[in-house]
Amino acid sequence: MKLIAVVVAALAVWIGGAGLVGAASAQAVPTESRPLDDRLVQAREALRKRDRAKLAAHRDALVAARHPLAMWADYWELSNRLAESNQSELDAFYARWPGTYVEDRLRNDWLLELGRRRDWRNFATDYPRFKFNDDREVSCYALLLRHHVGEDVRAGARANWFLQRDGDDGCTLLVTTLYTARLFSSSDVWLKAREAAEAKRLNAARQALTLLGEDAGASLTELFEQPQRYLARRADTDSRQGAEYAVMALARLAASDPAAAATELQDRWQTRLSPEAAAWAWGSVARQGAMKLLPESDGWFQRASGAAATATRDVDWNDDTLGWRVRSALRATDAARWQRVLDAVAAMSAAAQADPTWVYWKARALHATAKAGTEGDAQRTAASVLFERIAGQLNFYGKLAAEELGRPQSLPPRPAAITPEERVQAHRQPGLTRALALIALGLRSEGVREWNFSIRELSDRPLLAAAQRACDNEVWDRCINTSERTRQEIDLSQRFPTPFRADVVAAAQDMGIDPAYVYGLIRQESRFVTDARSGVGASGLMQVMPATARWTAKRLGMAYTPDLITDKATNLRLGTGYLKLVLDDFGGSQAMAAAGYNAGPNRPRRWREGPVMEVAAWAENIPFNETRDYVKKVLSNASYYAAVMGGKSVVDLKSRLSPLVGPRPADAPPENRQLP
């Protein structure tokens, strides 16, 4: 359906009191409007090709015709020549499109340009009007202005700098200014360089070291690319630079071979480094070992703690390292592991300690380390308080916390129905109408950004109405994501919708799989966008890879051609067929099957080796951030779908967390090594 058809359909459905108009009426629109829709798509293509003349021509035609999305063509045209623009042009653009997403988006781009020009007067005027304010480089420029008027911006500047992946002008200028003003120390700079080495970001390390006037030439390149050779031939600890380069080389070696780095540290470097540097290096080695699920990693973390105990200043491990310290302890089997969990969580930042993940595991650790009888009552109460803190949250650990308290989560009461007046208000938000139109034209990225800007300040009732507008238009990802923003009024039918229910249930049942599990996986994979395509080529509702589709179709005896991969029925059959094969290969473990579906079956085969673990601890130890999050969300989603689809009043997650995860049983069928 083209743009005007979409808008007419939205008006027909959403204007209260006018009744509903059928799809046939919605499509009865003048065909002469369609060339203008095509012009907008062509304008976006001209931007991609950097064809200024065509882009300007499309912009002019769309603006002259007062097309509802002309502002986007205007934005693309001006943003494409921003380096040559001036403040008056930007002010005129703001005046043409006041209060819109493109006004705010162009303001973001212009603030970056003003910062690079060092035009602080215009920056200071424009910055307070930037509504989204979600650009780190812009934030660094703004912090610089605040510094120049005497504010203490060290905390914000340091946080932005350490989150920076590679150097940008704004944050580099801010940090250089603060270092010159002696508000950052050399220790801050060396820590930034260490973390850059740990993450294999040579340019970031080089930029940091220029602050110190260090000659970060061939030595830095060698320690990044050949750390073991650097340690053997060039490393020394006679100077601060030499010692820090040795620490960075150890971090780089640990990334590829934690055991070799541990040997180097133990045999040669621990006694030559300061206790603080040795402790940090042991933490880096242990983190890399934990990410590879090496059994030695917990011991290496203990070596790090031991070295830190003798240091004259605090060891600055980041929250990611401390998180792996917790995970490593969870894989251990000795009774003292729970105390190590408590120590690691206590060392985290306040923000990290508030994360439901670490709230849950801290509570488990408090309960496990409590003394028997009345002596341990206070500690068990403290654990219960922590469980209570997250038990109402609609996430993986919120449900586990509720079950630890002995009262599984109850489904929240459904909110009052959206009133006609609330529907009208949602319809009257032009940003939502533009977003739906952009999505209908295939400009999904632009539509999503327009939608998110439009809902950024809404309270619960308007959010529910906006979500319902998306649901009614079958834009399921916006339906779900918008409804998830509510705080008090929770509509699970929006958060966990069941599009294509007959098709999904039939496909799941044909393969002998729980339909709620399939829905939980689809919600995480594609948000029910039938033509979704990932950056690596996964396609359709169940995000099936092309090679997997071919293999599964052959295995199932399906007639298949590549153009069918986004066909709903074909995609569902391929996805559920493959999921069933993965489930069978992992003995029915929904956690391992979800990991295999996301990361390929060979990885969870490796990840299951080691101690026998409860599923929650195993899932938390998945080395890939994306897959770890995916597994927890698929299982959580499935538990809600089971309750919603089954008409239940409580949510049961723990039944999905079995069997325990460990090495493949000796009496299990052979692995299906043909699985792609």
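Quick look at the values:
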| item | result |
| --- | --- |
| Considering residues of segment 502-536 that are over 19 Å from the mean Cα position of the chain (by Cα) and not in a helix (DSSP H, G or I) only, the residue farthest from LEU443 (Cα to Cα) | GLY512 |
| Selected residue (only one of VAL149, VAL138, VAL153 is open to solvent by 20 Å² or more (accessible area, probe 1.4 Å), β-branched (Val, Ile, Thr) and either at pLDDT 95 or above or within 23 Å of PHE453 (Cβ to Cβ) (or both)) | VAL149 |
| Any chance GLY306 is over 25 Å from ALA354 (Cα atoms), of a type in the set (Gly, Ala, Ser) and open to solvent by less than 60 Å² (accessible area, probe 1.4 Å) | yes |
| Search result, residues across segment 179-230 that are closer than 23 Å to ASN160 by Cβ and among the acidic types (Asp, Glu) | ASP188, GLU195, GLU198, GLU214 |
| Residue that is surrounded by the fewest Cβ atoms within 10 Å (Cβ to Cβ) [pool: residues in segment 228-260 that are touching a residue at least 40 places away in the same chain (Cβ under 8 Å) and charged (D, E, K, R)] | ARG240 |
| Residue in segment 10-30 that is open to solvent by 30 Å² or more (accessible area, probe 1.4 Å) and either closer than 20 Å to GLU446 by Cα or modelled with pLDDT of 95 or more (or both) present | no |
| Any hit, segment 209-216, residues being within 30 Å of TRP120 (Cα to Cα) and buried (at least 19 other Cβ atoms within 10 Å of the Cβ) | yes |
| Number of the exception - ASP652 against (1) touching a residue at least 60 places away in the same chain (Cβ under 8 Å); (2) part of a loop (DSSP other than H, G, I, E, B); (3) farther than 22 Å from LEU405 by Cα | (3) |
| Residue list for segment 162-187, restricted to those being in a helix (DSSP H, G or I) and open to solvent by 30 Å² or more (accessible area, probe 1.4 Å) | PHE162, LEU163, ASP169, THR172, LEU173, THR176, THR177, TYR179, THR180, SER186, SER187 |
| Search result, residues across segment 319-356 that are in a helix (DSSP H, G or I), in contact (Cβ under 8 Å) with a residue 40 or more places away in the chain and open to solvent by 20 Å² or more (accessible area, probe 1.4 Å) | ARG325, ARG331, ARG340, PRO356 |
| Residue tally, condition closer than 12 Å to THR570 by Cα and of a type in the set (Lys, Arg), over segment 533-550 | 1 |
| Candidate set: segment 632-676, residues that are open to solvent by 60 Å² or more (accessible area, probe 1.4 Å) and in contact with a strand residue (DSSP E or B) (Cβ under 8 Å, 6 or more places away or on another chain); chosen: the one nearest to ARG414 (Cα to Cα) | SER649 |
| Residues satisfying the stated conditions in segment 110-135, i.e. under 30 Å from the mean Cα position of the chain (by Cα), open to solvent by 40 Å² or more (accessible area, probe 1.4 Å), over 18 Å from ASP91 (Cβ atoms) and not polar (S, T, N, Q) | ARG116, PHE132, ASP134 |
| Residue pairs meeting the criteria (Cβ under 6 Å; at least 6 apart or on separate chains; first basic (Lys, Arg), in segment 174-191; second part of a helix (DSSP H, G or I) and modelled with pLDDT under 95) | none |
| Enumeration of residues in segment 261-303 that are open to solvent by 70 Å² or more (accessible area, probe 1.4 Å), under 30 Å from TRP607 (Cα atoms) and not in a helix (DSSP H, G or I) | LYS292, PRO295, GLU296 |
| Residues being open to solvent by less than 70 Å² (accessible area, probe 1.4 Å) and of a type in the set (D, E, K, R) - total across segment 405-422 | 1 |
| Matching entry among ALA124, ALA159 (being in a helix (DSSP H, G or I), over 27 Å from TRP451 (Cα atoms) and without any contact (Cβ under 8 Å) to a residue 12 or more places away in the chain) | ALA159 |
| Unique match (being open to solvent by 20 Å² or more (accessible area, probe 1.4 Å) and in a helix (DSSP H, G or I)) among GLN393, GLN379 | GLN379 |
| Any pair with Cβ under 9 angstrom, 6 or more apart, that starts in segment 615-628 at a residue that is open to solvent by 10 Å² or more (accessible area, probe 1.4 Å) and ends at one that is outside any helix (DSSP H, G or I) and hydrophobic (A, V, I, L, M, F, W, C) | PRO623/LEU293; ARG628/ILE622 |
| Cβ-Cβ under 8 Å pairs, at least 6 apart or on other chains, segment 52-66 side within 14 Å of ASP38 (Cβ to Cβ), far side modelled with pLDDT under 95 | ALA61/LEU36; LEU62/LEU36; ALA65/LEU36 |
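The values are calculated or read from the model by the stated rules, or taken from the named source; none is laboratory data. None of the values given here were measured: they were computed from a predicted structure. Every residue, glycine among them, receives a Cβ derived from its backbone with ideal geometry; neighbour counts consider all protein chains shown. Side chains are part of the model used for accessible areas, which takes the heavy atoms of the whole protein and leaves out ligands, DNA and RNA. Shrake-Rupley method; radii C 1.70, N 1.55, O 1.52, S 1.80 Å.
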